[in-house]
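The values are calculated or read from the model by the stated rules, or taken from the named source; none is laboratory data. This one's a predicted model, so the numbers in the text were calculated from it and none came from an experiment. Cβ: placed from backbone, ideal geometry, glycine included. Neighbour counts: every protein chain shown.
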Amino acid sequence: MKRNLFLSTALAVLSMGAAAHAETLRWALAGDALTLDPHAQNEGVTIMLQSQMMEPLVSRAPTGELEPTLATEWAVKADDPTVWVFKLREGVTFHDGATFDSEDVVFSMDRARSEASQMKGIITSIAEVRATGPYEVEIVTNGPNPILPAALTSIMMLDKGWTEANNAVTVQNVAAGEVTFSSTNVNGTGPYTLVSREADSRTVMRAFDNYWGKDTFPLAYSEIIFTPIQNASTRVAALLSGELDFIQDVPVQDIDRVKGTAGLKVESSSENRSVFFGLNVSDTLVAGNIDGKNPLADLKVRQAINMTINRDAIRDVVMRGQSVPAGIIMPPFVNGWTEELNAYPAPDNDAAKALLAEAGYPNGFPITVDCPNDRYINDEAICQAAVGMLGQIGIQARLNATSKALFFPQVNAMETDFYMLGWGVPSYDSEYIFNFLYHTRDESFGSWNSTRYSNPELDAQIKAIAAEVDLAKRDAMIAEMWATAKNDLAYIPVHHQMLNWAMKDGLTVTVDPDNQARVKYFALN
Amino acid sequence: MIRQFSAFWQSDFGWKFRHSPTAILSALVTLILVGAAIFAPLIAPYNPFDSSSLNLMNGFSAPMAPNAFTGEVFLLGTDDQGRDVFSTILYGMRVSLFVGVLAVLFGLVLGVTLGLIAGYAGGRVDGFIMRVADIQLTFPAILVAMLIFGIAKGIIAPQYRDQMAIWVLIIAIGLSDWVPFARVVRGATMVEKNRDYVQAARLIGRKPVAIMVLHILPNVLNPILVIATISLALAIIAEATLSFLGVGAPPTQPSLGTLIRIGQTFLFSGEWWILLFPAATLLALALAVNSLGDWLRDALNPRLK
Amino acid sequence: MLAFLIRRLIQSVVVLLVVGAVSFGMFRFIGDPVNNMLGQERTQADIAELRDRLGLDRSVLVQYAVFLRNAAQGDFGVSYRQGRPVADIIAERAPATLELAAVSGVMALVFGIGLGVITAIKRNSWASSAIMTISLVGVSLPTFLIGILLIYVFSVQLEWLPSFGRGETVLVGGWSTGFLTQSGLVALILPAITLGLYQMTLIMRIVRSEMLEVLRQDYIRFARARGLRERSINFRHALKNTLVPVITVTGLQMGSIIAFSIITETVFQWPGMGLLFINAVQFVDIPVMAAYLMLISVLFVSINLVVDLLYFAIDPRLRIERAKA
């Protein structure tokens, strides 16, 4: 390799730096955390960065199952199905040396449920949290809640004394123009402490000497340098040139290049996120009816669309093999998922055309496909491909691809007839999907249902499963509900996304389905 | 036509042209590319704007190599949607030139009009227009584009939104483009309005504005031509930049800029043809137009004879 | 002079007010911050409530009035995205952009003037037309592509230069500088080239045409006739006389370097104001967008004002010349 003197000196300095901190992880992904206040933003990257430094009672291990964290065991109280009892881990200290106990849990849970908290939506079922001993708390829910522990995996624990002393008891209310100490400072129980942070540039963390899990987790790194890099090409370039050790969100087309580069590898896994199209199934099209009717309201038309979307071709070409074609809008990890439900029709344009003709649209109809261009993996390219496929059965589809800042308000306002959406299920339970995507839209339910789909029978079942404690009975209900949902085709499933993490060869990492990398699990060999 | 051409060829200007290899080459490249763009539907083997004619499985074919799935062969390969890159470039150049030319025309008309008004009226009107020019410079084209996008979204029915993107680009780029035109025309007008013929016209009751337009415009024709040529290259590049920021021509009817934006994501993956050919075309087009503008500036500058 | 100054100051304030008004008028069209601020589990009731708290349903004029009232007291609000005071964030980001702008400005000046002089003196040579043409390549490709190609060549293939960020920075009196560390200096190279290429081409062209102009002037001919050395004529007389317009244009371009560093900063993840702004646009972070646009207009208006005052101070007659420019 040719190098001039000046540059090689510079490089030597860089590599010397690397040698001095042999266990520094240089890590990048597209976005940065929005705040360090654990209850102020419910957003993936924010929670991920915080979870290096703070911890919940229960977390989800990269393999998917619930794992004791600050709570060691939990169970429903024998005589009262509305109360969960959590035994807390003893001997845990916060970064500033304070001891973790039940007082901190009550404080943190109350804070997470307070008015300005963005986490309150996840734990609306909680009525009260009370300490029943220094290392035991009871969580009372409004009615029985069989899946409560799964809802707690992103509720981080703060030290009561520290938070009070720094006037950060109320969650930062950005809307009111408030600034709090806790949005730029951290005192958690997690494996890493905050060293410095410049938003959108770099966050440095160092291993916490008194971490309770020192012997439990590999904890291979003594330092983490987290640098967001928005532009995908730059991110990949920085990995290829050896400036980084680990990146999330590798563009699918760059996987082979990374794999083919000496010293680098890619780990893949299915992501907890499905991508699909939502159709306006009401009587009126936003764009104006066709011959007085909305063709999408006709099940035959929706079946035709379902048949013409060639999911395998999208996987092979657009996604370069990095997707799992979907017959249902539920990622494979979720309670309720079965192989049969995920079956999808083989593409058949002749049958689709016949169905369209039967529905009275032998020559198709015009429709606009609304799509984000900066949200999901290759979102725009998928929509582009779909537009072509719709065209092959005579549906004159047009693509309207916009940034997420414009796209999501449009979807929320239901100003679209045909839109793309991706959905992850943090609770790993079907109820979460039904609640937000299938329930008739009202003040508190169906808030992401922009299809106008409304099925009173299904609505009643959605409310019923939320409180059903008999798990066998509950699963049977869920299976029945999915049968209805799959038949009604308010959503046309496309695929389940795959996650691709690229890293240095020596690193052993289990890809987390929620795209939540936690460095404490990383091992070096 | 032929006589006019030969008159041009024999003129002083024509002499300069004949003796500048750069000018001849630039003009030739520009002519070929513009011609290819105009006659794209006749030249291109496929219509890449017709999504329903595409076979996704043709995607990522290398130039002149049979596709792994379908066995089809494409001259310059295909992109991620299975579109023939050669056809896409021809059609894309059409979009780029359409946007560029109309944006420059829009900026030119706006700039010349405002420049005339500012220069002629003077005083507060002049101050106002020139301060508006300052404001204009403040707003990055991307913001102007998003603003117009937003407003248009409120006015235009959803089914026309994909066609609308092109017009939004034209207006957005044109709007960020008018200031140099206005400044040149304003300066010339300020000099010209105190000339005797304007005063005389006013005395005999003729509308001085009409006369001024007739007299001033020919005077500023040369600088306007130069600005317009360079603006055209800038407009084509600006469109590409807006594409990178996500507000360019729609991917189903891509411009060269959109093609480059899509192509650059394949820079590391080995599908070089998706980026290289559109980028080379854009470079050739912008370079030719720029050198032409450069040469025009020198050739038309009376002080450099 | 005083009357002129006062008039221009009043005009400048009006310009700022109009920029503010236009900004606020357009924010509602850029998208809706509410979606970004609430988690996936938000209900329709949450959306309505947050919109209400942010005052997004109030008229544009009322929102603008509130912004102006607070801004007059030095309070630019709190970023929706970062939850920190906008003034703090901008103060933290400004050094990155200003250092990058300064370096690329100096680079553009040095190379622009140098190449401009060469191409003017050797007007008809093969080399100078080659330089003229090659320099056009820099303005015939979109900035983002130039940046990405530079990264590809110098970071990925040659592994000479870093592809992103500022390297190590040092805090000097609240100003984080990349000038004092080697990694900071090395990190500046690629972004500065990307950002300065256009300005370099522009300056080169101005220097060249001004030089050609001056070289034809009588006093240069006299100098030549007097037998002064060619080198001394070119540099001591001709170049000196071209510098006034060059410096003016560079000054004006400095503003646009800062304002339009958006693309370069996005490609190189340069943590400056351009990146801040593009993030704000994507998140619909209204307080940051408003403050940024106001800041950029203050910059433009002050540069214009200074340039005008300079012209006024040097020679009142030049105002007409300025009008032509």
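Laid out as a table, the results:
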item: Flag for A:Thr284 being more than 28 Å from the chain's Cα centre (by Cα), buried (at least 20 other Cβ atoms within 10 Å of the Cβ) and within 14 Å of chain B (Cβ to nearest Cβ); result: no
item: Qualifying positions in the stretch B:1-23 - over 23 Å from B:Ser96 (Cα atoms) and among the hydrophobic types (A, V, I, L, M, F, W, C); result: B:Met1, B:Ile2, B:Phe5, B:Ala7, B:Phe8, B:Trp9, B:Phe13, B:Trp15, B:Phe17
item: Qualifying residue in the stretch A:178-190 (condition: modelled with pLDDT under 90, in contact with a helix residue (DSSP H, G or I) (Cβ under 8 Å, 6 or more places away or on another chain) and of a type outside the set (Gly, Ala, Ser)); result: no
item: Within the stretch C:83-114, tally of residues that are crowded, with 23+ Cβ neighbours inside 10 Å, more than 24 Å from C:Val249 (Cβ to Cβ) and in contact (Cβ under 8 Å) with a residue 60 or more places away in the chain; result: 4
item: Evaluation of A:Gly446 against (1) of a type outside the set (A, V, I, L, M); (2) out of contact with any strand residue (DSSP E or B) (no Cβ under 9 Å at 6 or more places or on another chain); (3) at negative phi; (4) at pLDDT below 95 (one fails), failing number; result: (3)
item: Which numbered condition A:Ala313 fails, given (1) out of contact with any strand residue (DSSP E or B) (no Cβ under 8 Å at 6 or more places or on another chain); (2) not in a helix (DSSP H, G or I); result: (2)
item: Residue check for A:Gly424: within 14 Å of chain B (Cβ to nearest Cβ) and not β-branched (Val, Ile, Thr); result: no
item: Residue in the stretch B:210-227 that is within 30 Å of C:Thr266 (Cβ to Cβ) and in a helix (DSSP H, G or I) present; result: yes
item: Hits in the stretch A:75-128 (condition: away from chain C (no Cβ under 14 Å), outside any loop (DSSP other than H, G, I, E, B) and under 18 Å from A:Ser182 (Cβ atoms)); result: A:Glu103, A:Asp104, A:Val105, A:Val106, A:Phe107, A:Ser108, A:Met109, A:Asp110, A:Arg111
item: Residues of the stretch A:363-387 classified as within 20 Å of A:Ala287 (Cα to Cα) and more than 7 Å from chain B (Cβ to nearest Cβ), total; result: 10
item: Members of the stretch B:266-277 found to be more than 10 Å from chain C (Cβ to nearest Cβ) and either in a helix (DSSP H, G or I) or over 29 Å from A:Lys259 (Cβ atoms) (or both), listed by number; result: B:Phe266, B:Trp272, B:Trp273, B:Ile274, B:Leu276, B:Phe277
item: Residue match in the stretch C:121-130 (condition: surrounded by 22 or more Cβ atoms within 10 Å (Cβ to Cβ) and in the same structural domain as C:Asn234 (by TED's automatic domain parsing)); result: no
item: Flag for C:Thr181 being within 11 Å of another protein chain (Cβ to nearest Cβ) and surrounded by fewer than 22 Cβ atoms within 10 Å (Cβ to Cβ); result: yes
item: Odd one out for B:Leu259, checked against (1) of a type outside the set (Val, Ile, Thr); (2) buried (at least 24 other Cβ atoms within 10 Å of the Cβ); (3) closer than 30 Å to B:Arg183 by Cβ; result: (3)
item: Residues of the stretch A:388-418 satisfying the condition of being among the small types (Gly, Ala, Ser) and within 10 Å of chain B (Cβ to nearest Cβ); result: A:Gly388, A:Gly391, A:Gly394, A:Ala397, A:Ala401, A:Ser403, A:Ala405
item: Matching residues, the stretch B:243-265, being hydrophobic (A, V, I, L, M, F, W, C) and either at the interface with chain C (Cβ under 9 Å from one of its Cβ atoms) or touching a His at 6+ places or on another chain (Cβ under 8 Å) (or both); result: B:Phe244, B:Leu245, B:Ile260
item: Residues being farther than 30 Å from C:Met200 by Cβ and within 12 Å of chain A (Cβ to nearest Cβ) - total across the stretch C:66-100; result: 18
item: All positions within the stretch A:294-315 that are crowded, with 20+ Cβ neighbours inside 10 Å and facing chain B (nearest Cβ under 10 Å); result: A:Asn310, A:Ala313, A:Ile314
item: Only one of C:Val103, C:Val110, C:Val139 that is β-branched (Val, Ile, Thr), away from chain B (no Cβ under 14 Å) and under 20 Å from C:Glu210 (Cβ atoms); result: C:Val110
